[in-house]
Every structure is written in C-alpha cells, then in structure tokens.
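Here's the structure, in structure tokens; my notes come after.
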Amino acid sequence: MGLIVQKYGGSSVADAASIKRVAKRIAEAKRAGDDVVVVVSAMGDTTDELIELANQITPLPPSREMDILLTAGERISMSLLAMAIANLGVEAQSFTGQQAGVLTDDVHGRARIIDVRASRIRQALDGGAVAIVAGFQGVNEQTNDVTTLGRGGSDTTAVALAAALRADVCEIYTDVDGVFSADPRIVPSARKLDRITYEEMLDMAASGAKVLMLRCVEYARRNQVPIHVRSSFSGHVGTLVTDEVVEGESMEQPIISGVAHDRSEAKVTVVGVPDVPGTAAQIFEVVAAADVNIDMIVQNVSAAKTGLTDISFTLPAADGQKATAALAVAQDRIGFESVQYDDTIGKLSLIGAGMKSHPGVSAKLFGALRDAGINIEMISTSEIRVSVITRSDQLDDAVRAVHTAFGLDSSEGEAVVYGGTGR
Ligand code: ADP
Ligand code: ASP
Ligand code: MG
C-alpha cells in the first residue's frame, strides 16, 4: 500500500458537478488500496473574485485581512469535496492549512512554508479516511495569524505535504494533460512532454508557465518529490517531473524543451541617468528597499555629449506603482531626468538543458522573431534559457513562431484544454 498526494486546481472543482466528478476519482484511488491525501484549490476563479471584491472596498487592503479573506476560498472547496466523497461511501475529513500543520513565516500574501507537522493528517489516514487539505494557506506560529503562499500556492502545499508524509508521488491535477512544450491555450500544436527535469521545470515556471508554481518545483527538487502533472478531466498519463533516469531511455537532454511566456511584467526606464560609478547601485537600492524584485536589466551606452544614459528594467506589473513611487522620491538625490513606465510588454523564454552544449540557439531564436516581424526590446540569458521582451500584443505570435522554428510542433493533433478560463 502506498501514499499518494493529489492536488486539484480551481478549474477541476469549478462547480458542484466537477466536485462530484473529482470525488469519484479520489474514491477510486482510495478503494484501490492507497492512502490518499488531497489538496484542493478554491473553486474556479473564486480567488480572483475575492481580490476584486476587496478592491471594491479599498484600493490597498491590509495584507493580514486579505489573507483571511482569500483562505475562505479553499475552505469552501475542501468541505464540499469531503461531503462529495462521503456521499460515495468513503470516509473523508477536511482540514484548513492550520489544522493540517502547515507552518509559515509571517509574510502575508507570499508566505514561505517553514515546517509541516502533519500529525492530524496521519491520524485521519490511520483511521481509514481520505484527508482533504485546503491548499495555499498556512499559519504563522508566533502570531497565530493565517497566511497565504502566493498565487498558485496550492501546488506548493501539495508538494510540502508529499515531502512531509514521504508520499510515493505528488499528482497535480489540472485542466490540461500535462506540461507541454508551450501553453496549449496559445499553441494548439504544443506537444506533451513525458518527462522534464526539475531544472527545466524551474525555468519554465520562473518564465511564466503557471502550470506549476515556481516554489513548488523548488520544494520538490530540494526534497526529491516526484511530481506527476496530469488532467483531472481525462485518464491520460501526464508529465513526470523528476531527475531520475529511466533505464533504456536516452540520457541526452533535448536541446529545447519548451517556450514559456509571461504577460505579468512591466518595464521601467530611468531616463537621463548620470553615467558615473554608483548610480546603478543607488537606483536598485531604492527599488530593493521598496521590496520589489526585478528581472531583466538593460543599460544603454551613454551619449558622449551629455554623459547621461538610460537604464531599463522589468518587474512584476503588480509592483509597478510601488517602484515608480519610490524612484520619484529619490529623483533629486540620484539626479536622473525622469521615469517611464510601460506595462504593455510580454516576455518570451526558450528553455532547454541541451542548449548548454549547442551553439546557435539564440541566433535561431532571433531569426524566427525577425521572420515574424517582431521587434526585440530586451534580452537576457542563463545557461539553459534565453528570454526576450516584445510588445504584449505580439507575444502570442512570437511564441507560435519560435515554437515552430525549433521544430516543437506536435504531429499528434491539437492539445486539449479541458476547462478553466486561463485567468
Ligand atoms: P490550476 O487551476 O489547475 O492550478 P493553472 O491555471 O494554474 O491550473 O495552470 C494550468 C494552466 O497552465 C493551463 O490551463 C495552461 O493554460 C497553462 N500553461 C502555461 N504554460 C503551460 C505549459 N507549458 N504546459 C501546460 N500548461 C501551461
Ligand atoms: N486559489 C489560489 C489561487 O488562485 C491558490 C491556487 O489555486 O493554487 O492562486
Ligand atoms: Mg495553478
């Protein structure tokens, strides 16, 4: 007998009928003899709707109250799912993150899991029940306040529980059949990957492929938890995220595993920056002090006549106001001319462990974008990734062009998107 952790995303439990359908799947797994722990997300777009509701009350909701509000979404789905499973004659008990022993730091809105003390879950399993756990939430031990783990955080809850309970596998059930070579909502010819390494999945997630939350992949790699990403709407085998090499399988890594895209960033340009040592440090100290993470940075060559240069960087659009406001305060002290803000950008990233040892990947990427008439505004690279910034409204075309240029299009028909709104 084994232990499986199954996580069902919002689109898999969007309404009563979906909850009943998922309950059947869980009951089957339990009847097959395994211990089953289920992590569940809020129904459909509940989290987005709660955020919108809060914003109708106040433009800057206090983060503690926001967390209490958002954890309500997962409480609704966990209890309904437990009822649906019980209706099928299988015992089930639901638990909040706090009850399940998910302990976090005190950073509201993006708390990190510090420890999982899953004794109540163990008890429920030992008593023969399926344990349902509300994803995306935990509690801070010092303050006893509930916290949330950041958008998509139920994935991380699932992996953390799988690690704590030493589960055989963590199954992430979603609305597509696995991890694809690109988002199937944009590239219908994307191909499903049978396997992907943690390293590649980390870069895919960090580059915007929200099928798995970045932190969940980090957690899984650190604890060597194998993840099986698959659809709750079909019986197909999905994608295995693991570093284990299967005997008989080629050891060679694919040059390119996928193309990711991200529309959640914005670009800040600091114009007319004095080109003397120390100004870049001053600018980014201001941004760091505002608690904003930055992604790409480009500094132009300064004009010889003026001795001034421009520095552009990208950041999460959600932090745009914070960063530009902080820079405005520091403008006179640092001595730059102005700040420009642009949230109509998109980021395309090409990811593949094999590119480490293959020259010409960037050249081919830039060639594909040129042929599609798409202008590149910024570039950054890592060992296994090349990212470019384009206009937001050209991003989908860019992803499709690059996907085709690298021969990633599937010959097995279109990828299926079973549900969800893609929000
Ligand atoms: P859930 O509600 O189950 O957590 P998400 O919406 O968070 O689901 O993640 C699933 C979605 O991720 C898919 O519907 C798809 O549009 C998107 N996605 C982006 N990139 C990829 C990719 N490379 N492979 C599969 N899905 C992807
Ligand atoms: N409900 C949360 C969100 O929408 C967490 C999750 O679904 O993983 O981000
Ligand atoms: Mg998700």
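The values are calculated or read from the model by the stated rules, or taken from the named source; none is laboratory data. These numbers come from a predicted model, not from an experiment. Note: ideal-geometry Cβ built from the backbone for every residue, glycine included; neighbour counts use all protein chains shown. These accessible areas exclude ligands, DNA and RNA; they are computed on the full protein's heavy atoms, side chains included. Shrake-Rupley method; radii C 1.70, N 1.55, O 1.52, S 1.80 Å.
Descriptive notes on the structure:
- Residue in region 148-161 that is open to solvent by less than 10 Å² (accessible area, probe 1.4 Å), among the acidic types (Asp, Glu) and under 16 Å from the mean Cα position of the chain (by Cα) present: yes
- Any chance Leu60 is open to solvent by 40 Å² or more (accessible area, probe 1.4 Å), away from ligand 1 (no atom under 16 Å from the Cβ) and not in a loop (DSSP other than H, G, I, E, B): no
- Screening Ser232 with (1) under 18 Å from the mean Cα position of the chain (by Cα); (2) closer than 17 Å to Ser154 by Cα; (3) at pLDDT 95 or above gives one miss only, at (1).
- Tally of residues being surrounded by 15 or more Cβ atoms within 10 Å (Cβ to Cβ) and among the charged types (D, E, K, R) across region 113-140: 2
- All of (1) closer than 23 Å to Ala162 by Cβ; (2) in a helix (DSSP H, G or I) hold for Gln98 with one exception: (2).
- Only one entry of Leu60, Leu88 meets the criterion of being modelled with pLDDT under 95 and aliphatic (A, V, I, L, M), and that entry is Leu60.
- Residue in region 333-354 that is open to solvent by less than 50 Å² (accessible area, probe 1.4 Å), under 24 Å from the mean Cα position of the chain (by Cα) and farther than 30 Å from Arg151 by Cα present: yes
- Val292 passes every criterion in (1) outside any helix (DSSP H, G or I); (2) in contact (Cβ under 8 Å) with a residue 40 or more places away in the chain apart from (2).
- Screening the candidates Ser189, Ser181 for the property of being open to solvent by less than 40 Å² (accessible area, probe 1.4 Å), out of contact with any strand residue (DSSP E or B) (no Cβ under 6 Å at 6 or more places or on another chain) and more than 16 Å from ligand 3 (Cβ to nearest atom) yields one hit, Ser189.
- Some residue of region 88-97 being of a type in the set (Asp, Glu) and over 16 Å from Val217 (Cα atoms): yes
- All positions within region 199-250 that are away from ligand 1 (no atom under 11 Å from the Cβ), in a loop (DSSP other than H, G, I, E, B), touching a helix residue (DSSP H, G or I) at 6+ places or on another chain (Cβ under 8 Å) and open to solvent by 30 Å² or more (accessible area, probe 1.4 Å): Pro226, Asp243
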